[in-house]
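Below is one structure, written out as structure tokens; comments come after it.
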Amino acid sequence: MASAAVDPAGDPVAGIDPVPVTNWLAERATVAPPLQFELITGGHSNLTYRVTDAQGRRWALRRPPLAHLLAGAHDMVREHRLLSSLADTDVPTPPVVGLCTDASVNGADFYVTDFVEGSVLRSLSEADELSPEARSALSARLVECLVAIHATDLDATGLADLGRSADYVARQLHVWQRQFNAMTSRDLPIIEHVHDRLVVSIPPQADAALVHGDYRLDNCLVTADGDVAAVLDWEIATLGDPTADLGFLLGYWVEPDDGFSPLGHNATTAEGFWTRHQLANAYAEATGRDLGAIDWHFAFASWRLACILEGVHARYVGGAIPEIPAEVHQFPQSIVALAERAEAVLADC
């Protein structure tokens, strides 16, 4: 009988076949079995596990969800390529150990990286790990890392053929409207209404760059002094409009007077964190890019996040992701609030 993966508490861990995974990892790193596998909570799409051996060495293993996979998503080969390509750039990423595309090992592609020490900040209590001065430094560092992503030399990193770079926003509007319709079981006409308003008012794309596509505070590992140890979750990175990528960061960023938090996270409301306006100004100063259409991109980011959360909620309800975080229960309300925010911002654009 095959053994089951267990976490440090001895509980079963879905999505891991421990013996072949241990054998695979032992061929690429110094490993002292048995390995313990622990699902790291917080990710809402691909699954990330903390892997610990008998001597305390640690790695991170990333694989697709267990069910409800969307066509074209959850591409481990692509994520592995991105991390490998960015290893010698100014973008902080986890060092890559290896990629497995042999389904007999674990039932799906996966890749492993070194485990990077750092905190993920989502709540006010987690933000308290940093002083107000460190939160301000972290705000500046988040902008610096986004600037570094957009400054990536595509030819030197071999990423020039990662995807089409033109008409990024138009393609995003099409993709996420399609994904929303594929996953939703609700009648939400505001999603279609905002989509149609966005389609007819897309700002010109001035240039193209590597874009993360999901860049936000809790997709970064941070240190106590306000540095970014690693940027994570490159699942939807591609080539596209860097202004839209900044818009995504602003769409996730929560300020004290917002009235709602899309993901249920309120870390950025803590004293010391910058406002969205400060983030945008720092980005503009560092890059020289014209941010005259940033309000439109903020509206687009809000609408796109509504579509993403509808799919995430459907995957949790359908059992694709084993552990349901508390904030997921508020996603149906957040989705409506995000669409309404997008509609309101567009009215002033």
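The values are calculated or read from the model by the stated rules, or taken from the named source; none is laboratory data. All figures in this text were calculated on a predicted structure; none of them were measured in a lab. Every residue, glycine as well, gets a Cβ built from its backbone with ideal geometry; the counts of neighbours run over all protein chains shown. Areas reflect the complete protein model, heavy atoms only, side chains present, ligands, DNA and RNA absent. Shrake-Rupley method; radii C 1.70, N 1.55, O 1.52, S 1.80 Å.
Tabulated values for the structure
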{"quantity": "Rounded to the nearest 20 debye, dipole of the chain from Cβ charges on Lys, Arg, Asp, Glu", "calculated": "720"}
{"quantity": "Residue-averaged 222 nm ellipticity for the chain, from DSSP H runs of 4+ at -39500 (n - 2.57), nearest 500", "calculated": "-12500 deg cm²/dmol"}
{"quantity": "Formal net charge of residues neighbouring SER261 (Cβ-Cβ distance under 13 Å; K, R +1; D, E -1)", "calculated": "-2"}
{"quantity": "Mean Cα-pair separation over length for the range 186-254, i.e. relative contact order, pairs under 8 Å, 6 or more apart, %", "calculated": "36"}
{"quantity": "Projected area, mean over directions - the chain, Cα convex hull, nm²", "calculated": "17.4"}
{"quantity": "Accessible area of the chain belonging to carbon and sulfur atoms, whole % at 1.4 Å probe", "calculated": "51"}
{"quantity": "Radius ratio Rg over Rh of the range 98-197, counting only Cα atoms, Kirkwood formula for Rh", "calculated": "1.06"}
{"quantity": "Over the range 90-241, relative contact order from alpha-carbon pairs under 8 Å, at least 6 apart, %", "calculated": "36"}
{"quantity": "Listed residue (ALA148, PRO92, ILE40) projecting farthest to the positive dipole end of the chain, Cβ model", "calculated": "ILE40"}
{"quantity": "Dipole of the chain [Lys/Arg +1, Asp/Glu -1 at C-beta], most positive-end residue of PRO18, SER136, HIS297", "calculated": "PRO18"}
{"quantity": "Per-peptide average of other Cβ atoms within 10 Å, ordering 255-266, 230-241 highest first", "calculated": "230-241, 255-266"}
{"quantity": "Listed peptides 202-208, 96-102 by packing density, highest first (mean Cβ within 10 Å)", "calculated": "96-102, 202-208"}
{"quantity": "Taking the chain and dividing mean pair separation by its residue count, relative contact order in percent (alpha carbons under 8 Å, at least six apart)", "calculated": "18"}
{"quantity": "Peptide ranges 13-25, 48-60 listed from the most packed, as the mean C-beta count within 10 angstrom indicates", "calculated": "13-25, 48-60"}
{"quantity": "Lys, Arg +1 and Asp, Glu -1 on Cβ, resulting dipole of the range 154-211 about Cα centre, debye, nearest 20", "calculated": "180"}
{"quantity": "Residues ARG197 and GLN333, FRET efficiency given R0 of 25 Å [Cβ-Cβ distance, rounded to 0.05]", "calculated": "0.70"}
{"quantity": "Farthest toward positive dipole pole in the range 111-204 [+1 Lys/Arg, -1 Asp/Glu at C-beta], among GLY118, PRO204, SER165", "calculated": "PRO204"}
{"quantity": "Cα-centred dipole magnitude for the range 158-271, charges only on beta-carbon of K, R (+1) and D, E (-1), debye, nearest 20", "calculated": "520"}
{"quantity": "Interchain or long-range residues, amide H under 5 Å from GLY98's placed H", "calculated": "VAL112"}
